[in-house]
1. Give just the number: which of (1) facing another protein chain (nearest Cβ under 10 Å); (2) surrounded by fewer than 20 Cβ atoms within 10 Å (Cβ to Cβ) does residue B:262 not satisfy?
2. Of everything in the range A:253-289, what is assigned to a helix (DSSP H, G or I) and farther than 27 Å from residue A:178 by Cβ? Give them in sequence order.
3. Give the range A:292-316 a look and list any residue that's more than 9 Å from chain B (Cβ to nearest Cβ) and either in contact with a strand residue (DSSP E or B) (Cβ under 9 Å, 6 or more places away or on another chain) or not in a helix (DSSP H, G or I) (or both), or say none.
4. Can residue A:252 be described as modelled with pLDDT of 95 or more and under 12 Å from the mean Cα position of the chain (by Cα)?
5. Residue by residue through the range B:265-286, note down the ones that are in contact with a helix residue (DSSP H, G or I) (Cβ under 8 Å, 6 or more places away or on another chain) and either at pLDDT 85 or above or facing chain A (nearest Cβ under 7 Å) (or both).
6. Residues of the range A:101-132 being touching a residue at least 60 places away in the same chain (Cβ under 8 Å), under 19 Å from residue A:200 (Cα atoms) and at the interface with chain B (Cβ under 9 Å from one of its Cβ atoms), which ones?
7. Answer with yes or no whether residue B:216 is within 13 Å of chain A (Cβ to nearest Cβ) and closer than 18 Å to residue B:72 by Cβ.
């Protein structure tokens, strides 16, 4: 095993231990408020991971992931508020709604690539954003809908619900961890290799017998799944669903987080989302204009670390023997 | 009914001419620099805000028509040199960098101009009768200014040295450089011209719309759609697509509410993208 792989395993182990002890260590070191910030970071990491799966692994730049986030969020919100569903069916409804939407829009969208794909994903998400904004009786429009959360598990008189902050944190952690594990498995499977083949050169991929269209569609639905789970978790977390989270600017943020962290790496989105949200939380308590810092940071990162933070780390610790691996950052060019 | 239709179509047409200006700026930056400029809507917004400041300072709105594009040009040149040049040639990074620019511009405007939207009174008030309806005179001036600016831009591109250089670098970067075209200067100028066009659009539009630090957010997708639907690299096509888009929205608005009009035009755009991804005008214009 190379030095880098060892170091990364070590870092991962430290990270996992940290995440498992957050509800106790963080209030001790900082204050309890940060536990919910970390839960939020986990959700946004998953959202960024959905943009990363498309851009980093298949080479499709989606500016429409907020659409599937929104479907996940509204699946839960409408399921609980209008249909009176309990926790798990609402969760299921959110995920299924997001994946179904991803499938339907994907059938059309993945026929296009690069700029055209980026624009059509924006257009699709804008269409549903405007529908959500105008259908006030169902979605609550920009104000959104608030709802009371049913318990997650109940065994007789014992109930576990999101009202318990620790339960809420561990539920989110578990859900996000399962999604990242699934992504890890997919990326390292033959399907994952097919993703990379399509990303690197779709013509060659089709010449060796891969069905590029189907592979892109599968990736699109998977990304819809990730965004849908993130949206559903966010609805549980905030007891709230709002059309404003379906706007294209949110999709853009997911792309930015993924690229800043390191596109085409499993943990890049986590790094990117953490960086931006931690800065926002730290600066916003002292200074109203925290976006200024975030903007400057985004520019500095791409100038100083064009492969993202994870890419920078790998260049820094890599020995020549490591470089035989899959290239991390995709080289996308617009040249004909 | 006919009156409403006429009024909203005219509004749409004029708004489309303004969008055409902004979208052209986006298109030259996109075509020549490979930059997906997320901040372009904010360039327009900066134009409206600078128009407001120039009115406060000079007391004369018309001064803004000269001052604002100039300031935007300089700002654009500085931004290209500091932010865009280091990451040039990598569209993915350009998304992040211009996202950063967008945040910075919005936040600086919020700090200086404030978060409350404001209105600017048109420098020419009053209405005149046009095809049987009373129409704002300023809007007609706005249309005139937009058309003049569009014409000036195409003349600049086709008949000046810098314009020729810009077309040359866009066509074939390496050959142009080998022929002695200062490519680096051309990059800086292109970004600056793109910003100036959006800024000019801002001055023209400020009395029609509101001045708000988030004023560019809604505009950005519209401009991108115009660029793509008009055909990548087809500048007259971009302008035509922008006008058509806004006109269509205006017409639908006279039958339905604005949101529904928005959805209709977006649906139409998806159809164009899927059926004619090479752009609406391929085969008509070169």
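1. Looking at each condition in turn, residue B:262 falls short on (2).
2. Selection gives A:279, A:282, A:283, A:284.
3. A:305, A:307, listed by residue number.
4. no
5. Listed by number, the residues that qualify are B:266, B:267, B:269, B:270, B:273, B:274, B:277.
6. Once the filter is applied, which keeps residues that are touching a residue at least 60 places away in the same chain (Cβ under 8 Å), under 19 Å from residue A:200 (Cα atoms) and at the interface with chain B (Cβ under 9 Å from one of its Cβ atoms), the range A:101-132 yields A:111, A:114, A:115.
7. For residue B:216, the condition - within 13 Å of chain A (Cβ to nearest Cβ) and closer than 18 Å to residue B:72 by Cβ - is met.
Residues checked against (1) buried (at least 23 other Cβ atoms within 10 Å of the Cβ); (2) farther than 16 Å from residue B:42 by Cβ; (3) touching a helix residue (DSSP H, G or I) at 6+ places or on another chain (Cβ under 9 Å):
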{"site": "B:61", "(1), (2), (3)": "no, yes, yes"}
{"site": "B:78", "(1), (2), (3)": "no, no, yes"}
{"site": "B:86", "(1), (2), (3)": "no, yes, yes"}
{"site": "B:90", "(1), (2), (3)": "no, yes, yes"}
{"site": "B:99", "(1), (2), (3)": "yes, no, yes"}
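The values are calculated or read from the model by the stated rules, or taken from the named source; none is laboratory data. None of these values were measured; they are calculated from a predicted model. Glycine also receives a Cβ, built like all others from the backbone with ideal geometry; neighbour counts cover every protein chain displayed.
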